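Okay, structure first, notes after.
The values are calculated or read from the model by the stated rules, or taken from the named source; none is laboratory data. Bear in mind the structure is a predicted one, so any value in this text is a computation, not a measurement. Here the Cβ positions follow ideal geometry from the backbone for every residue, glycine too, while neighbour counts run over all protein chains shown. Ligands, DNA and RNA are excluded from the accessible area calculation, which covers all protein heavy atoms including side chains. Shrake-Rupley method; radii C 1.70, N 1.55, O 1.52, S 1.80 Å.
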Amino acid sequence: MRNWGQGSRSTSSGGASVEAAAPGVIDTLGLGYAVLIAKPLVMLPLLLAELLVLFSPRVMLTPLTGPIERVALGRTGAWLDVRGLASWMSGYDVTELAALQAPMIRMPAFIPSLSSERLASFGWHASYSSAPVALVSVVALLALVTGLLMSVVYRMLLAAEGLGVGTFRDLASPRLVTAMALRLAGWAAAIVGLMALVSMPVLVVTTFGLIFGFGGSRILWVFVLVPFAWGFVHFYFSIHAMFVDRSGPFDALRSSYLVVRSNFWQSVQFIATTMLITTGMTFALQQMASSAGGVMAAIAINTFVATGIVLAAMHFYRDRARQLGLSVDDLGR
């Protein structure tokens with residue numbers, strides 16, 4: 001079946017040039033879910049990550065945000081925003097932030113979309129808002145490492161079972177999992193570095209505005225939206241490229257850029273479609289998660305839908321990367 005947004009490539013058969021079309025956006029999404037239905041156990045790492053955070057004691061960020069609120073107390077201008085941000089962050093669980101929402105490695109989980117108040121209302125775990133700063137830091141580090149490893153295992157399993165990149169036995173190799181975890185951490189650092197580089201001039205101006213009380217400097221952040229949007233689209237497939245190609249972070253960024261540049265509108269269509277699906281689904285699941293049973297059902301549905309989208313994204317990238325002749329960089333087990 002042909003649908004909007006299909007690409008094509010030239011292959012050779014008996015000396016003749018033949019146009020072979022890559023699956024379109026809708027077909028690629030269907031392919032992702034077809035793989036998932038055939039091999040549903042690939043959802044297990046994401047499901048376990050959600051349940052781990054759901055039933056773990058909640059260690060709140062209050063010990064870290066409290067001092068910031070006290071410094072901003074009684075000040076005016078931009079300090080009001082700082083205090084408001086610190087107050088908002090104080091309601092977050094450090095385990096959730098580190099394991100599921102670590103910068104740029106966010107697992108496609110459902111739990112982060114629920115408010116702390118709703119989760120606390122179920123009474124499934126203790127909540128600590130006055131733990132020592134050292135304990136909060138240790139919990140955050142442990143959660144970050146655990147979340148990073150679970151993210152690697154999840155994506156390696158999807159690549160192995162969905163695309164045939166490696167095998168299930170790779171997950172039992174500490175060296176391979178560690179190598180991919182380090183590459184994923186390096187990818188996150190590269191993304192954060194690029195964002196900081198782009199926003200540095202605005203950040204400097206905003207900082208001076210905060211010090212001297214020029215609240216109007218915040219409007220300058222509007223000007224970084226364009227490069228941020230450009231980067232989001234062109235590097236969207238980079239995290240998938242790391243696990244499909246077993247490549248390093250910079251090679252993955254480059255591969256994603258080349259794929260999107262060569263298939264720009266099709267890539268935009270895929271990204272927009274998946275964002276529409278996940279946004280609408282999250283809103284619907286939030287309404288469902290008003291009871292303990294509803295939360296469990298919402299987690300299961302989200303795990304299925306999100307995993308299918310990740311599989312589809314891997315297929316979307318792989319098909320178009322091979323058209324461009326991008327090579328696979330195996331880790332050399």
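Structure data summary
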| item | result |
| --- | --- |
| Simple label model, 7 Å out from Cα along Cβ direction - LEU142 to VAL82, nm | 3.3 nm |
| Contact order normalised by residue count of the range 258-333, Cα under 8 Å, 6+ apart, percent | 34 percent |
| Average accessible area per residue (Å²) across the range 100-179 - probe 1.4 Å, nucleic acids and ligands excluded | 48 Å² |
| Packing rank of 284-293, 126-135, 261-270, where each peptide gets the mean count of other beta carbons within 10 Å, highest leading | 261-270, 284-293, 126-135 |
